[in-house]
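Comments concern the structure below.
The values are calculated or read from the model by the stated rules, or taken from the named source; none is laboratory data. Bear in mind the structure is a predicted one, so any value in this text is a computation, not a measurement. No Cβ is skipped: glycine too gets one built from the backbone with ideal geometry, and neighbour counts run over all protein chains shown.
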Amino acid sequence: MEKKISDKTIEQWIKEKPIISDMIAYKPVFWVNDALKDEEAATYDNLELTWTDVLEAEERWIRFAPLISKLFPETEKQNGIIESALVELPDMKAAISNIYKIAVEGRMFLKCDNALPVAGSIKARGGIYEVLKHAEHLAVSHNMLNKDQDYSQLAGAEFRQFLSRYSLAVGSTGNLGLSIGIMGAALGFKVTVHMSADAKQWKKDLLRSKGVTVIEYESDYSKAVEEGRKLALQDAMCHFVDDEHSKDLFLGYSAAAIRLKRQLEEKNIKVDKQNPLFVYLPCGVGGAPGGICFGLKQLFKENVHCFFVEPTHSPCMLLGLATGENDHVSVQDFGIDNITEGDGLAVGRASGFVGKVMENLLSGIYTIEDDELYKLLAMLKDSENIEIEPSAAASLMGPMALMAVENGVDYIRNNMLEQCMNDATHIAWSTGGSFVPVDMKRDFYIKGKRLLGE
Ligand SMILES: *Cc1c(COP(=O)(O)O)cnc(C)c1O
């Protein structure tokens, strides 16, 4: 009998959703979400989460700022707020038009999460937030802390000893493990990270140097999460950070929207009908880009257009949304191999919870080949002297995908945005890079230059 995926054969799926044919052939695609509900009337709070949840997350970050400042002196100048710069990319824009022969209309920026302190990637938002929330819960429920107190006392020996009775566990392709491991260990938790086969050696070494237990798997991300979850459930003192289901991770990320709005205001950048905002976010399981998109849609409604980007070999969120089957399907079901050099993006099955929340909020998803990641990374280094990791570079393709691919052009036309593209703001969300060892950064760059034929 022929293999079926949610009651349909691959042929039937392709007939219904022709885009799947290109996806199976690993061709880059640009998918527009028909289910986007973008009228003013759209009820963004008709979801499991609300704006209040985002505000609460930001308040929690503020409560913890004195502690973070104490534990991680590199955050002192930002008063313990873990945040990245928003940097304009005029020279990258010029390089794009030079090399790709595409003129990007509007201004182009990089949201530099590649340089986020403490964890060196976007995971500093979600992962660290969940660790802090859990520590707060434990300390408050044991009457050791109340929410009006100065949280920097959590750095003291008494708290470390208290928290050392508890453990944290997480399944990860690398970066989430780093954020949980670094923050968890700094607070005194015992931390176990279940790493998938694609996780880089330097990440395992870094974690072990902080006293974190790293368990390695020969399988992919989903399996590492599953095994980690199983083991953690057997231990009542263990909290499992569940990348596939966690609302805390999601809300930790979502607070970025509040910060970004402030940064745009500081730069006098308007976001309204005449000045649309386009945000391009690399997507793995979906929590990071989903949380940020959720926050941004609450703030800017139909004037922000969020696009996710996935590797052509790991388009899990796209498959879930395009088929409507969400986490009931995986890329492997369709014969797609889930092998990519984009760290954090090698995910075969998206988060069902995030997929559901994104259903009516996301504008679309484009996919990108690994080779393009290296080219863009090298172009960014040459033009702006900013170093990022390959997965982060996926975001830089966004303006080009939107303006040069037929479906992207249609999106602009159908949303009546043609007249305002010169007043548009494009933000490529650069998700990681600063912790990558120097020799690896150099190898990435050399590879990009070679692919560019330079
Ligand atoms: C984790 C990660 C992402 C994607 O985040 P998800 O929550 O898995 O979707 C993107 N880029 C980098 C560098 C990451 O580490």
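Every residue in the range 425-454 that is away from the ligand (no atom under 16 Å from the Cβ) and closer than 19 Å to Val32 by Cα, please.
Going through the range 425-454, the residues away from the ligand (no atom under 16 Å from the Cβ) turn out to be 425-426, 438-439, 442-443, 445-454.
Correct list: His426 only.
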Review point. In the range 365-396, how many are surrounded by fewer than 24 Cβ atoms within 10 Å (Cβ to Cβ), touching a Leu at 6+ places or on another chain (Cβ under 7 Å) and farther than 16 Å from Glu454 by Cβ?
Key: 2
Point to revise | Total residues in the range 120-138, condition of a type outside the set (A, V, I, L, M), in a helix (DSSP H, G or I) and within 20 Å of Thr431 (Cβ to Cβ) | key: 6
Revision key, fill the gap. If we ask which residues in the range 70-91 are surrounded by 14 or more Cβ atoms within 10 Å (Cβ to Cβ) and closer than 19 Å to Lys267 by Cα, their number turns out to be 8
Check your understanding: Using beta carbons and a limit of 8 Å, which pairs, at least six apart or on different chains, have the first residue in the range 98-118 and on the phi > 0 side of the Ramachandran plot and among the β-branched types (Val, Ile, Thr) and the second one surrounded by 22 or more Cβ atoms within 10 Å (Cβ to Cβ) and not in a loop (DSSP other than H, G, I, E, B)?
Key -> Val118/Ile68; Val118/Ala124; Val118/Ile128; Val118/Ser179; Val118/Ile182; Val118/Met183
Point to revise | Of all residues making up the range 114-171, the number that are within 16 Å of the ligand (Cβ to nearest atom) and of a type outside the set (Val, Ile, Thr) | key: 15
Practice item. Inspect the range 123-130 for any residue being touching a His at 6+ places or on another chain (Cβ under 6 Å), under 30 Å from Leu380 (Cβ atoms) and crowded, with 17+ Cβ neighbours inside 10 Å and give the result as yes or no. Key: no
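Mind telling me which of the residues Lys273, Lys297 ends up being assigned to a loop (DSSP other than H, G, I, E, B) and in contact with a Cys (Cβ under 9 Å, 6 or more places away or on another chain)?
Step by step, each of Lys273, Lys297 is checked, and only Lys273 is assigned to a loop (DSSP other than H, G, I, E, B) and in contact with a Cys (Cβ under 9 Å, 6 or more places away or on another chain).
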Practice item. Check the range 228-237 and report whether any residue there is within 13 Å of the ligand (Cβ to nearest atom) and under 29 Å from Phe162 (Cβ atoms). Key: no
Practice item. Sort through Val241, Val285 and tell me the only one that's in the same structural domain as Pro311 (by TED's automatic domain parsing), on the phi < 0 side of the Ramachandran plot, touching an Asp or Glu at 6+ places or on another chain (Cβ under 6 Å) and surrounded by 23 or more Cβ atoms within 10 Å (Cβ to Cβ). Key: Val285
Check your understanding: Would a scan of the range 297-310 turn up a residue that is of a type in the set (A, V, I, L, M, F, W, C), within 16 Å of the ligand (Cβ to nearest atom), over 13 Å from the mean Cα position of the chain (by Cα) and surrounded by 20 or more Cβ atoms within 10 Å (Cβ to Cβ)?
Key -> no
Practice item. Would you please name the residue that is nearest to the ligand (Cβ to nearest atom), looking only at residues in the range 340-352 that are of a type in the set (Gly, Ala, Ser) and assigned to a loop (DSSP other than H, G, I, E, B)? Key: Gly344
Point to revise | In the range 313-339, the residues that are crowded, with 24+ Cβ neighbours inside 10 Å and assigned to a loop (DSSP other than H, G, I, E, B) | key: Ser314, Pro315
Review point. Looking at this structure, is Asp150 touching a residue at least 40 places away in the same chain (Cβ under 8 Å), among the charged types (D, E, K, R) and at negative phi?
Key: yes
